[in-house]
Amino acid sequence: MEHWGAPAPIPLGDPGRWWLAPRRMFDGHAFHADVALLIEDGHVASISPAASAGADGAPVWHSDHLLVPGYVDLQINGGGGRLFNTDPTPEGLAVIARAHRQSGTTALLPTLITDAPEVLDRAVAAMLAAIGHNGIVGIHIEGPHISIERKGAHKPDFIRPFDQRTMDAVTKLRQAGVPVLLTLAPECAPAGTITALVRMGAVVSLGHTAADAATVRMAIAEGARSVTHLFNAMTPMTSREPGVVGAAIDSAVYCGIIADGHHVDDAMFRLACRARPMAGRMVLVSDAMPTWAGPDSFELYGETIRLKDGRLVNTIGSLAGVHIDIAKSVARIVRDIGLPLDQALRMATSTPAELMGLDGIGVLRPGVALNAILIDQALDPAAVFARA
């Protein structure tokens with residue numbers, strides 16, 4: 001029996017067996033045409049030539065859309081009206097995850113920005129309860145060990161040098177097997193801190209930093225593997241001092257980057273992608289706030305942040321967060337920035353998963369859960385497959 005139209009003849013939670021035959025498939029690395037996926041109990045059992053679909057008598061579901069892995073977002077502050085900082089609970093995390101899942105983000109790192117130590121404690125407890133549910137695959141702790149000079153929207157009252165309390169929080173998460181991405185300013189961490197974090201399996205990212213290039217290179221030598229929202233809240237590149245921006249671009253570390261068109265000019269986005277010495281090191285992040293799939297304002301540190309002309313601004317009109325998701329980001333960098341579609345999709349799927357060591361996420365291959373999206377010619381999600 002063959003079907004056309006809606007994506008799945010069997011609910012993903014059922015132990016069903018069916019075929020998915022898209023117009024084309026991107027597996028996280030490359031495009032494939034004329035293939036069909038055999039789905040069993042919500043997992044990819046095999047990938048075969050399209051002509052073999054249905055030979056076993058199982059129903060075949062055809063689609064004229066492009067099948068891609070579910071998007072992976074390593075920096076989501078909020079969504080659906082919830083902010084991780086103000087609602088560090090399993091319930092709050094579920095709302096955030098579901099707000100982004102509806103447009104194809106099937107794996108995410110909820111992100112806690114600089115706050116009081118007790119908020120971090122509550123966030124750790126929430127993460128231990130929420131990990132593995134609703135696509136939550138880890139946590140991003142952004143601050144509080146950052147530069148006041150490059151704080152961005154982070155509240156200076158909570159910024160402090162690296163301390164044992166954060167080390168204990170990361171240790172607790174890692175002992176429970178929770179992937180951790182920790183953004184810090186290298187100048188705010190004592191020598192050996194990055195090495196200790198890396199040894200326990202945390203991924204250290206450099207951000208909100210006033211460091212010079214030499215300090216960045218030392219941090220990379222210690223084990224830092226990433227830079228948080230490239231260009232934003234870091235020292236710029238100049239002719240005589242590469243700064244964080246220049247040192248990061250001219251390295252093999254992964255660089256998260258925001259594609260809303262407000263935080264990074266499109267020309268600078270293109271230049272950064274072209275200048276990397278190693279391919280596959282650019283990562284799309286949304287840095288989304290509660291307005292995504294939610295109301296047009298929210299409270300941050302007691303201040304009302306409002307959505308105005310696609311920008312989130314505080315009371316004096318300064319940028320204070322991002323209003324975008326990964327699906328819209330992919331469409332923007334293809335349509336407006338001019339990146340090839342395969343490069344854009346890698347930045348949103350396999351590359352962030354690779355940075356965090358998330359096996360079976362951001363890819364489509366036999367044995368993985370069918371966390372995937374069907375997208376149309378406008379790159380909008382037409383259907384989302386996601387296992388809770």
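Observations on the model:
- Peptides 162-172, 315-325 ordered by average Cβ neighbours within 10 Å, highest first: 315-325, 162-172
- Using C-alpha pairs under 8 Å with a sequence gap of at least 6, the mean separation divided by the residue count of the chain gives a relative contact order of 20 percent.
- The aspartates and glutamates within cross-link reach of Lys328, meaning a Cα-to-Cα straight distance under 17 Å and a gap of 8 or more places when in the same chain, are Asp73, Asp260, Asp265, Asp266, Asp287, Asp309, Asp336, Asp342, Asp376, Asp380.
- Only the Cβ atoms of Lys and Arg (+1) and of Asp and Glu (-1) were treated as charged; on that basis the dipole of the stretch 206-336 about its Cα centre amounts to roughly 420 debye.
- Proximal lysines relative to Lys151, as straight alpha-carbon distance under 25 Å, when same-chain residues fewer than 8 apart are discounted: Lys308
- Table column - 3J(HN,Hα) (Hz), the stretch 192-208, Karplus curve with 6.51, -1.76, 1.60, x for Gly and Pro: x, 5, 4, 4, 5, 5, 5, 4, 8, x, 6, 9, 9, 10, 9, x, 6
- When Rg and Dmax are taken over the Cα atoms of the stretch 258-388, they come to 16.3, 52 Å.
- Scalar couplings 3J(HN,Hα) for the stretch 151-162, obtained by applying the Karplus form with A = 6.51, B = -1.76, C = 1.60 to θ = phi - 60°, are 6, x, 8, 6, 7, x, 4, 9, 6, 7, x, 4 Hz; x denotes Gly and Pro.
- Residue-normalised convex hull volume from the C-alpha trace of the chain: 129 Å³ per residue.
- Around Ala386: net Lys/Arg minus Asp/Glu count, Cβ-Cβ under 12 Å: +3
- Other residues with beta-carbon under 14 Å from the beta-carbon of Ser48 carry, at +1 per Lys or Arg and -1 per Asp or Glu, a net charge of -2.
- Within straight-line reach of Lys172, meaning a Cα separation under 20 Å, sit the following aspartates and glutamates at least 8 residues removed in sequence or on another chain: Asp115, Glu118, Asp121, Glu142, Asp163.
- Computed helical MRE - 222 nm, the chain, DSSP H runs ≥ 4 contributing -39500 (n - 2.57), nearest 500: -7500 deg cm²/dmol
- What the chain shows is 38 Å² of accessible area per residue, with the surface traced by a 1.4 Å probe over protein heavy atoms.
- Relative contact order for the stretch 184-247, counting Cα pairs under 8 Å that sit 6 or more residues apart, in percent: 34
- Under 5 Å, built H, 5+ apart or other chain: amide partners of Phe385: Ala372, Ile373, Leu374
- Peptides ranked, highest mean first, by Cβ atoms within 10 Å: ranges 117-128, 242-253: 242-253, 117-128
- Phi-based couplings in Hz for the stretch 28-39 (Karplus 6.51, -1.76, 1.60; Gly and Pro marked x): x, 10, 8, 8, 9, 10, 6, 10, 9, 9, 8, 9
- The listed residues Arg23, Arg346 rank as Arg23, Arg346 when sorted by accessible area, largest first, using a 1.4 Å probe.
- Nonpolar atom fraction for the chain, defined as the carbon and sulfur part of the 1.4 Å probe accessible area, stands at 53 percent.
The values are calculated or read from the model by the stated rules, or taken from the named source; none is laboratory data. All values reported here derive from a predicted model rather than from experimental measurement. Because the Cβ atoms are built from the backbone with ideal geometry, glycine has one as well, and the counts that use them run over all protein chains shown. Side chains included, ligands, DNA and RNA excluded: accessible areas come from the protein's heavy atoms. Shrake-Rupley method; radii C 1.70, N 1.55, O 1.52, S 1.80 Å.
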